[in-house]
Structures are given as structure tokens and as C-alpha cells.
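Student: Just passing along the structure, written as C-alpha cells.
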Amino acid sequence: MNIHQLSVHHDERQDRLLLRLNTQDQQEFRFWLTRRMTLRLMPAIEQSAVRLEAAQPGVAATDAPSQHLLTELKRDAFLKKADFATPFETRATQWPLGPEPLLITDAHLTIQPSGALEIAFEDKSDPAQARACQLHLQVSLVHGMLHLIQQACEKAEWGPLGSAAKVTETSPVAPSEPPRYAH
């Protein structure tokens with residue numbers, strides 16, 4: 001899946017975030033993020049971004065504060081050159097998960113040896129029709145997605161999201177197990 005664009009929008013009626021992504025081959029994937037799932041997922045994604053940046057070749061940041069600073073610098077550099085002005089293209093011809101967004105009830109994050117973050121989203125709200133989707137995001141897309149979710153949360157007036165970015169020397173950067181979140 002070659003991701004072309006990401007979009008995050010707060011739906012006031014649902015009081016959820018609608019995460020949409022489209023691919024270069026005109027597929028669109030849609031996901032509902034509840035406030036509860038967002039509050040649980042964001043710190044883990046932020047922590048994964050720190051780990052991805054620290055794993056880049058030639059990076060010598062070994063302690064948590066240095067890794068956090070490096071991640072902030074890389075995120076700022078990405079955000080300065082990212083295009084957030086172009087409207088989300090709605091020319092999709094295929095919706096592999098169906099026309100209705102996937103309600104994310106479970107999420108699994110895995111740092112891949114290739115330097116990507118694999119996010120597995122699952123909808124287990126109806127066990128008879130459980131659906132899932134795996135995304136493979138390079139660190140630049142992780143930064144972009146974090147930025148868009150944070151903006152949407154501010155517009156939704158959901159309050160502070162708690163941040164894994166506030167890493168201290170006592171908080172481990174590399175958990176022994178990949179995080180798993182469920183509603």
C-alpha cells in the first residue's frame with residue numbers, strides 16, 4: 001500500500017476522529033478513533049516515533065532525553081516541509097475495508113527492522129464480522145499522522161492527550177513487548 005495522503009477530521013455528531021488515507025492506486029481506508037482509543041494510542045505512537053528516530057543509521061542519541069530532543073528536531077524539520085494545505089483527494093475507486101469506517105477497538109504497534117512502524121487496527125465490536133487492517137508507516141508519515149491527530153483533538157476540544165514525549169531517564173524507551181490497546 002503506497003500511502004498518498006492522510007486526513008484526520010473530528011466528526012461532531014459521532015464525537016470521533018475520522019482517520020482517512022488514500023493510496024496512489026486510488027484506494028481509500030477509513031478508521032474511526034474514539035476519544036478513549038486516541039488517548040491510549042497517541043502516547044504509544046509518539047514513543048514509537050522516538051524509537052524509530054533513535055534507530056536511524058548514524059544516530060548516537062542513546063539516553064531518553066537526547067532521543068526525545070532528536071525526535072522533536074526531526075518532527076519540526078518534517079512539519080516545515082510537509083504539505084498540509086492540499087485538500088484530501090476523494091477520487092477513490094476502491095474501499096478495501098468497505099464504505100463504512102473501521103471502528104478501532106484494538107491496535108497493535110510493532111517497530112519493523114526496515115525502520116517502519118506497523119500499526120494493526122482491528123474492529124472487534126461485532127465478533128461475527130471482525131475486520132482488521134495493517135498500515136506500514138515510515139517515520140515521516142508517523143510524524144504527519146501524529147500532527148493531524150493532535151490538530152483534530154484540539155479542534156474537538158478533547159483536552160490534553162497525555163504525551164509519551166515527556167520521557168524521563170527513568171521511563172524506558174524500548175518496552176519489552178509491543179504495546180497493545182483495546183477498548
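Student: Within segment 4-31, restricting attention to residues that are assigned to a strand (DSSP E or B) and basic (Lys, Arg), which residue is farthest from the chain's Cα centre (by Cα)?
Tutor: Residue satisfying both the conditions and the ranking: ARG16.
Student: For the list (1) outside any loop (DSSP other than H, G, I, E, B); (2) open to solvent by 90 Å² or more (accessible area, probe 1.4 Å), I need the number of the one condition that MET1 fails.
Tutor: Only one criterion in (1) outside any loop (DSSP other than H, G, I, E, B); (2) open to solvent by 90 Å² or more (accessible area, probe 1.4 Å) is unmet by MET1, namely (1).
Student: Taking the residues in segment 4-20 that are of a type in the set (S, T, N, Q) and surrounded by 14 or more Cβ atoms within 10 Å (Cβ to Cβ) as candidates, determine which candidate is nearest to GLU122 (Cα to Cα).
Tutor: Restricting to residues being of a type in the set (S, T, N, Q) and surrounded by 14 or more Cβ atoms within 10 Å (Cβ to Cβ), the top hit is SER7.
Student: May I pose another question? Scan segment 59-88 for residues that are surrounded by 13 or more Cβ atoms within 10 Å (Cβ to Cβ) and not in a helix (DSSP H, G or I) and jot them down.
Tutor: Hits for segment 59-88 are VAL59, ALA61, ALA82, PHE88.
Student: Tell me, which residue of segment 32-58 that is over 13 Å from the mean Cα position of the chain (by Cα) and over 22 Å from SER114 (Cα atoms) is surrounded by the fewest Cβ atoms within 10 Å (Cβ to Cβ)?
Tutor: Of everything passing the filter in segment 32-58, ARG36 is surrounded by the fewest Cβ atoms within 10 Å (Cβ to Cβ).
Student: Here is a follow-up. Which condition number in (1) modelled with pLDDT of 90 or more; (2) part of a strand (DSSP E or B) is the one that TYR181 fails?
Tutor: Going through the list (1) modelled with pLDDT of 90 or more; (2) part of a strand (DSSP E or B), TYR181 breaks only (1).
Student: What are the residues in segment 89-104 that are part of a loop (DSSP other than H, G, I, E, B) and either open to solvent by less than 30 Å² (accessible area, probe 1.4 Å) or more than 26 Å from ALA120 (Cβ to Cβ) (or both), if any? Talk me through it step by step, then tell me what you get.
Tutor: Step one: of segment 89-104, the residues part of a loop (DSSP other than H, G, I, E, B) are 89-93, 95-101, 104.
Across segment 89-104, the qualifying residues are ARG91, ALA92, LEU97, GLY98, PRO101, ILE104.
Student: What about SER66, is it small (Gly, Ala, Ser) and free of Cβ contacts under 8 Å to residues at least 24 places away in the same chain?
Tutor: yes
Student: Inside segment 129-154, can you point out the residues that are buried (at least 17 other Cβ atoms within 10 Å of the Cβ) and among the aliphatic types (A, V, I, L, M)?
Tutor: LEU135, LEU137, VAL139, LEU141, VAL142, MET145, LEU146, LEU148, ILE149, ALA152
Student: For segment 105-128, enumerate the residues that are out of contact with any Asp or Glu (no Cβ under 8 Å at 6 or more places or on another chain), open to solvent by 70 Å² or more (accessible area, probe 1.4 Å) and not hydrophobic (A, V, I, L, M, F, W, C).
Tutor: Hits for segment 105-128 are PRO113, SER114, SER125, PRO127.
The values are calculated or read from the model by the stated rules, or taken from the named source; none is laboratory data. Only a predicted model underlies this, so the values are computations on that prediction, with no experimental measurement involved. Backbone-built Cβ (ideal geometry, glycine too); neighbour counts: all protein chains shown. All accessible areas refer to the heavy atoms of the entire protein, side chains included, with ligands and DNA or RNA removed. Shrake-Rupley method; radii C 1.70, N 1.55, O 1.52, S 1.80 Å.
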